[in-house]
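Undergrad: Sending over a structure as structure tokens; questions will come in a sec.
The values are calculated or read from the model by the stated rules, or taken from the named source; none is laboratory data. Here the structure is a predicted model, which means the values were calculated and not measured. Virtual Cβ from ideal backbone geometry, glycine too; neighbours counted across all protein chains shown. Accessible surface is based on the protein model in full, side chains and every heavy atom, while ligands, DNA and RNA are left aside. Shrake-Rupley method; radii C 1.70, N 1.55, O 1.52, S 1.80 Å.
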Amino acid sequence: MCGIVGYLGSRKALPIIIKGLKRLEYRGYDSAGVAVLNGSLEIVKKKGKVSDLESAIGEKKLDASVGIGHTRWATHGEPNDRNAHPHLSSDGKLAIIHNGIIENYSAIKKELEKSGHSFKSDTDTEVLIHLIEEIKIQNKCNIEEAVRLALNEVVGAYAIVVLSEDDERTLIAARKGSPLVIGIGKDEYFVASDATPIIEYTSEVTYLNDREMAIMKDGSLTVKSLENVIKTPFIQKLELDLEDIEKGGYPHFMLKEIFEQPKSVRDAMRGRLVSASHSLVLSGIDQYLHRFTNAERMLFIGCGTSWHAGLIGEYLFEDLARIPTEVEYASEFRYRNPVIRDKDIVIAISQSGETADTLAAIELAKSKGAMIFGVCNVVGSSIARTADAGAYLHAGPEIGVASTKAFTSQVTILAMMAIYLGLKKGTISKSKYQELLFGLDTIPDKVATILGKAEEILEISKRFYQASNFLYLGRGYNFPVALEGALKLKEISYIHAEGYPAAEMKHGPIALIDEDMPVVFIATKDSSYEKIISNIQEVKARKGKVIAIVTEGDTEIKKMADFTFEIPSIADPLVPLLAVIPLQLLSYHIAILRGCNVDQPRNLAKSVTVE
Ligand code: F6R
């Protein structure tokens, strides 16, 4: 949440910063601002999107080769011009951008007020830059020392970049709990929340660790801990292409990412599923095989869509590997004094690898002796680095705020793990193992087949886009798919939607059904097929409108449902990988028909780095 960019070099800073902010806009789009330094600090900031900031800049030159920029997801203080970053010290000579939350800002603010500081915004960030200023004056120290001392006084999470008028060719950055990457070019430096603003200028980067700061001056980069210990930065090559972060002819990132799924699912299997021998090579598990096969319990931890993938993981691990499994919302788990034993394995699922609650939950589990296995997309992210072992999704950047391809990649990884452990533990036969791997191998083509019929979903969407409520129902492996379908719809179209296990309907939600209520059934031919037919009849008897996702060739449900959409047949444990695709398309088309901004839905941000 919140995107930050900084530049120091010999190019014009402003275009680099604005372009970078547009790439980071998925992290927040309540307000945006820039500060550049050319003799004196010049600042422009504006409520709204980066395009509003551009209009506010207008003809202003802002000519400088050092500067910082920010796109905000509001935490402290409403989204307005005043609360937009950058924030200034009281003498106007220091500027800061910040991603995160300073938890003890209120106590610090009171102390600063006693010393005569007054504040123009409601933000925790302005308090931090005033604290840095106060420490600089009191300690008569330079700016980098003032930043270091100030950060030792704050509690919370931050990625910051500071500019100082008295230190014209210097950028100071620091992080704890919020991501920060430094790009190293020829006599130039870039700082950003992720690598997307950097890739066209340099492929050499270093990721700061928690409680580290970087001091960039013309021609030199120094990294040190907040304890003042000099560190040797680990410089690595970026594995990211420009085309990965562009829309590539699609009107929206979300649609592009939905259509990328044949490839992203294949990439999740690449090097792991050996098609020729129909076998799995999972080195992340092999390293800890004894621990996995002797695990007494698996705990899946995640938030939102990643939690839904974890719920499918529960079904997979219990069904195939016969390991007792629980799924936990990270935000609840971390505050619940959970019982964790040393034979537990925690599987943390996170696209961004930066979700604050998930990170805190695994730190708690780790401190109690559990082994942590990370299933993340973003390479080098905080969760990936905290985990003892893990498997990357290799889905490529997911920029649309609504998670789509990351979900199918997460489920693909979990399915491979459960199948592998099932074989190793002897809880599935060799022939079942081969059958499931054969099924997995066909998923990319089957996803492509579904995407080839996207027009059918558009037609269904036209019929229902004005509905005020939706119900999503599924059983077994399709219950988590129902939850995911409902989440996708509500987050991008703002239609109230709920997902339920289909049989739970008669314990309450059935009261909602009337002729205006569309009910989406995920009703594929699996072990609960007959039961879900009864649930469909219950809805039809009350005049509800039924949209059913069915298996190719189904004739029975077709007779009952108002609309059906066929997906190819596949083994039960793999059905979610196909069934979710039409639901992603349904939410996309409905949101577009309602005129919503699908890539940047209101109030949301992609990477939730605050709790
Ligand atoms: C929904 C969505 C969110 C995320 C959740 C966790 O479409 O994207 O619910 O799934 O915020 O994010 P990650 O996976 O980055 O931990």
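Undergrad: Output the number of the condition that ALA548 fails; it satisfies all remaining conditions of (1) within 27 Å of THR412 (Cα to Cα); (2) open to solvent by 30 Å² or more (accessible area, probe 1.4 Å).
TA: Evaluating ALA548 over (1) within 27 Å of THR412 (Cα to Cα); (2) open to solvent by 30 Å² or more (accessible area, probe 1.4 Å) leaves (2) as the failure.
Undergrad: Quick check on the range 348-384: of everything there that is more than 15 Å from the ligand (Cβ to nearest atom) and open to solvent by 10 Å² or more (accessible area, probe 1.4 Å), which residue is farthest from GLU332 (Cα to Cα)?
TA: GLY369
Undergrad: Just the residues that are more than 12 Å from the ligand (Cβ to nearest atom) and either over 25 Å from LYS22 (Cα atoms) or among the polar types (S, T, N, Q) (or both), please, taken from the range 586-611.
TA: LEU586, ILE590, ASN597, GLN600, ASN603
Undergrad: Kindly establish whether ILE522 is among the aliphatic types (A, V, I, L, M) and over 29 Å from the mean Cα position of the chain (by Cα).
TA: For ILE522, the condition - among the aliphatic types (A, V, I, L, M) and over 29 Å from the mean Cα position of the chain (by Cα) - is not met.
Undergrad: I'd like to know if the range 255-267 contains one or more residues that are more than 22 Å from the chain's Cα centre (by Cα), aromatic (Phe, Trp, Tyr) and open to solvent by 50 Å² or more (accessible area, probe 1.4 Å). Walk me through it before giving the result.
TA: Quick first cut of the range 255-267, residues more than 22 Å from the chain's Cα centre (by Cα) only: none.
No, the conditions are met nowhere in the range 255-267.
Undergrad: Scan the range 282-298 and give yes if some residue there is β-branched (Val, Ile, Thr), touching a strand residue (DSSP E or B) at 6+ places or on another chain (Cβ under 9 Å) and free of Cβ contacts under 8 Å to residues at least 60 places away in the same chain, otherwise no. Step through it out loud before you land on a result.
TA: Keep residues of the range 282-298 that are β-branched (Val, Ile, Thr), which gives 285, 293.
Now narrow it down to the ones that are touching a strand residue (DSSP E or B) at 6+ places or on another chain (Cβ under 9 Å): 285.
When the remaining residues are screened for being free of Cβ contacts under 8 Å to residues at least 60 places away in the same chain, the result is none.
Checked the range 282-298: no residue is β-branched (Val, Ile, Thr), touching a strand residue (DSSP E or B) at 6+ places or on another chain (Cβ under 9 Å) and free of Cβ contacts under 8 Å to residues at least 60 places away in the same chain.
Undergrad: Another question about this same structure. For the condition within 24 Å of ILE17 (Cβ to Cβ) and either open to solvent by 10 Å² or more (accessible area, probe 1.4 Å) or not assigned by TED's automatic domain parsing to the domain that holds LYS22 (or both), what is the one hit in SER193, SER220? Don't jump to the end; show me each part of the working.
TA: Numbers: SER193 fails: either open to solvent by 10 Å² or more (accessible area, probe 1.4 Å) or not assigned by TED's automatic domain parsing to the domain that holds LYS22 (or both).
None of the other options fit; the residue is SER220.
Undergrad: Looking only at the range 518-536, decide whether some residue is of a type in the set (A, V, I, L, M, F, W, C), surrounded by fewer than 23 Cβ atoms within 10 Å (Cβ to Cβ) and more than 30 Å from ASP319 (Cα to Cα).
TA: no
Undergrad: Would you mind finding the one in ASP122, ASP166, ASP187 that is open to solvent by 20 Å² or more (accessible area, probe 1.4 Å), in the same structural domain as ARG82 (by TED's automatic domain parsing) and touching a Ser or Thr at 6+ places or on another chain (Cβ under 7 Å)?
TA: Details: ASP122 fails: touching a Ser or Thr at 6+ places or on another chain (Cβ under 7 Å); ASP166 fails: touching a Ser or Thr at 6+ places or on another chain (Cβ under 7 Å).
When all the criteria are applied, what remains is ASP187.
Undergrad: Report the residue count in the range 399-417 for those that are open to solvent by 10 Å² or more (accessible area, probe 1.4 Å) and within 11 Å of the ligand (Cβ to nearest atom). First the steps, then the outcome.
TA: First, the residues of the range 399-417 that are open to solvent by 10 Å² or more (accessible area, probe 1.4 Å): 399, 401, 403.
With within 11 Å of the ligand (Cβ to nearest atom) added as a condition, the list becomes 401, 403.
Of the residues in the range 399-417, 2 are open to solvent by 10 Å² or more (accessible area, probe 1.4 Å) and within 11 Å of the ligand (Cβ to nearest atom).
Undergrad: Identify the residue in the range 77-90 that is in contact with an Asp or Glu (Cβ under 7 Å, 6 or more places away or on another chain) and open to solvent by 40 Å² or more (accessible area, probe 1.4 Å) and, among all such residues, is nearest to LYS19 (Cα to Cα).
TA: Quick first cut of the range 77-90, residues in contact with an Asp or Glu (Cβ under 7 Å, 6 or more places away or on another chain) only: 77, 79, 83, 87, 89-90.
Next cut, open to solvent by 40 Å² or more (accessible area, probe 1.4 Å) only: 79, 90.
Numbers: PRO79: 22, SER90: 29 Å.
It comes out as PRO79.
Undergrad: Where in the range 515-611 are the helices (runs of 4 or more DSSP H), entirely inside, with at least 3 residues that are in the same structural domain as ILE399 (by TED's automatic domain parsing)?
TA: Values: elements: 529-541, 556-560, 575-593.
Counting at least 3 such residues, we get no helices (runs of 4 or more DSSP H) at all.
Undergrad: Has the range 269-291 got any residue that is within 16 Å of the ligand (Cβ to nearest atom), open to solvent by 30 Å² or more (accessible area, probe 1.4 Å) and either assigned to a helix (DSSP H, G or I) or modelled with pLDDT of 95 or more (or both)? Break it down stepwise before answering.
TA: The initial filter retains those residues of the range 269-291 that are within 16 Å of the ligand (Cβ to nearest atom), namely none.
Among the residues of the range 269-291, not one is within 16 Å of the ligand (Cβ to nearest atom), open to solvent by 30 Å² or more (accessible area, probe 1.4 Å) and either assigned to a helix (DSSP H, G or I) or modelled with pLDDT of 95 or more (or both), which makes the answer no.
Undergrad: In the range 455-496, what count of residues is obtained for those that are touching a Ser or Thr at 6+ places or on another chain (Cβ under 6 Å) and either more than 16 Å from the ligand (Cβ to nearest atom) or not assigned by TED's automatic domain parsing to the domain that holds ALA523 (or both)?
TA: Of the residues in that region, 2 qualify.
Undergrad: Assuming ALA391 fulfils every condition listed in (1) open to solvent by less than 10 Å² (accessible area, probe 1.4 Å); (2) within 30 Å of PHE259 (Cβ to Cβ); (3) outside any loop (DSSP other than H, G, I, E, B) apart from one, which condition is it?
TA: Single failed check for ALA391: (1).
Undergrad: For residues that are more than 16 Å from the ligand (Cβ to nearest atom) and open to solvent by 10 Å² or more (accessible area, probe 1.4 Å), scanning just the range 296-323, find the one that is modelled with the lowest pLDDT. Break it down stepwise before answering.
TA: At the first step, the residues of the range 296-323 found to be more than 16 Å from the ligand (Cβ to nearest atom) are 296-298, 314-323.
Narrowing the set further to residues that are open to solvent by 10 Å² or more (accessible area, probe 1.4 Å) leaves 296-297, 314-315, 318-319, 322.
Numbers: GLU296: 92, ARG297: 95, GLU314: 98, TYR315: 98, GLU318: 97, ASP319: 97, ARG322: 97.
The qualifying residue modelled with the lowest pLDDT is GLU296.
Undergrad: Going through the range 324-337 one residue at a time, which ones are away from the ligand (no atom under 16 Å from the Cβ) and surrounded by 18 or more Cβ atoms within 10 Å (Cβ to Cβ)? I'd like the intermediate steps shown before the answer.
TA: Start the filter on the range 324-337 by keeping residues that are away from the ligand (no atom under 16 Å from the Cβ), which leaves 324-326, 335-337.
Hit for the range 324-337 is THR325, nothing else.
Undergrad: Quick check on my filter: what residues within the range 333-354 are in contact with a strand residue (DSSP E or B) (Cβ under 8 Å, 6 or more places away or on another chain) and within 28 Å of LEU180 (Cα to Cα)? Reasoning before the result, please.
TA: So the first thing to find is which residues in the range 333-354 are in contact with a strand residue (DSSP E or B) (Cβ under 8 Å, 6 or more places away or on another chain), and the list is 333, 338, 340-341, 343-353.
Matches in the range 333-354: PHE333, VAL346, ILE347, ALA348, ILE349, SER350, GLN351, SER352, GLY353.
Undergrad: Taking GLN537, is it out of contact with any strand residue (DSSP E or B) (no Cβ under 8 Å at 6 or more places or on another chain) and within 16 Å of the ligand (Cβ to nearest atom)?
TA: no
Undergrad: Sticking with this structure for a sec: Could you tell me which of the residues ILE101, ILE108, ILE97 is part of a strand (DSSP E or B) and modelled with pLDDT of 95 or more? Walk me through it before giving the result.
TA: On the way: ILE101 fails: modelled with pLDDT of 95 or more; ILE108 fails: part of a strand (DSSP E or B).
Criteria check complete, one pass: ILE97.
Undergrad: Follow-up question, since we're still on this one. Before we move on, is GLU611 out of contact with any helix residue (DSSP H, G or I) (no Cβ under 9 Å at 6 or more places or on another chain) and at pLDDT below 95?
TA: For GLU611, the condition - out of contact with any helix residue (DSSP H, G or I) (no Cβ under 9 Å at 6 or more places or on another chain) and at pLDDT below 95 - is not met.
Undergrad: Evaluate the following for SER106: is it touching a helix residue (DSSP H, G or I) at 6+ places or on another chain (Cβ under 7 Å) and among the hydroxyl-bearing types (Ser, Thr, Tyr)? Write out each step before concluding.
TA: Details: touching a helix residue (DSSP H, G or I) at 6+ places or on another chain (Cβ under 7 Å): no; among the hydroxyl-bearing types (Ser, Thr, Tyr): yes.
Here the answer is no, as SER106 does not meet what is asked.
Undergrad: Please pick out the residue among PRO573, PRO582 that is open to solvent by less than 60 Å² (accessible area, probe 1.4 Å), under 30 Å from ALA361 (Cβ atoms) and either among the charged types (D, E, K, R) or in contact (Cβ under 8 Å) with a residue 60 or more places away in the chain (or both). Let's see the steps before the verdict.
TA: On the way: PRO582 fails: under 30 Å from ALA361 (Cβ atoms).
Answer to the selection: PRO573.
Undergrad: Outside any helix (DSSP H, G or I) and either open to solvent by less than 10 Å² (accessible area, probe 1.4 Å) or more than 15 Å from LEU171 (Cβ to Cβ) (or both): which single residue out of ALA74, ALA56 fits that description? Walk me through how you get there before you give the answer.
TA: Working: ALA56 fails: outside any helix (DSSP H, G or I).
Criteria check complete, one pass: ALA74.
Undergrad: Could I ask something else about it? It is to be established whether one or more residues within the range 229-249 are farther than 30 Å from PHE190 by Cα and surrounded by fewer than 17 Cβ atoms within 10 Å (Cβ to Cβ). Reasoning before the result, please.
TA: The first filter runs over the range 229-249 and keeps only residues farther than 30 Å from PHE190 by Cα, leaving none.
Checked the range 229-249: no residue is farther than 30 Å from PHE190 by Cα and surrounded by fewer than 17 Cβ atoms within 10 Å (Cβ to Cβ).
Undergrad: Output yes when any residue across the range 8-20 is crowded, with 24+ Cβ neighbours inside 10 Å, free of Cβ contacts under 8 Å to residues at least 40 places away in the same chain and farther than 27 Å from GLU354 by Cα, and no when none is.
TA: no
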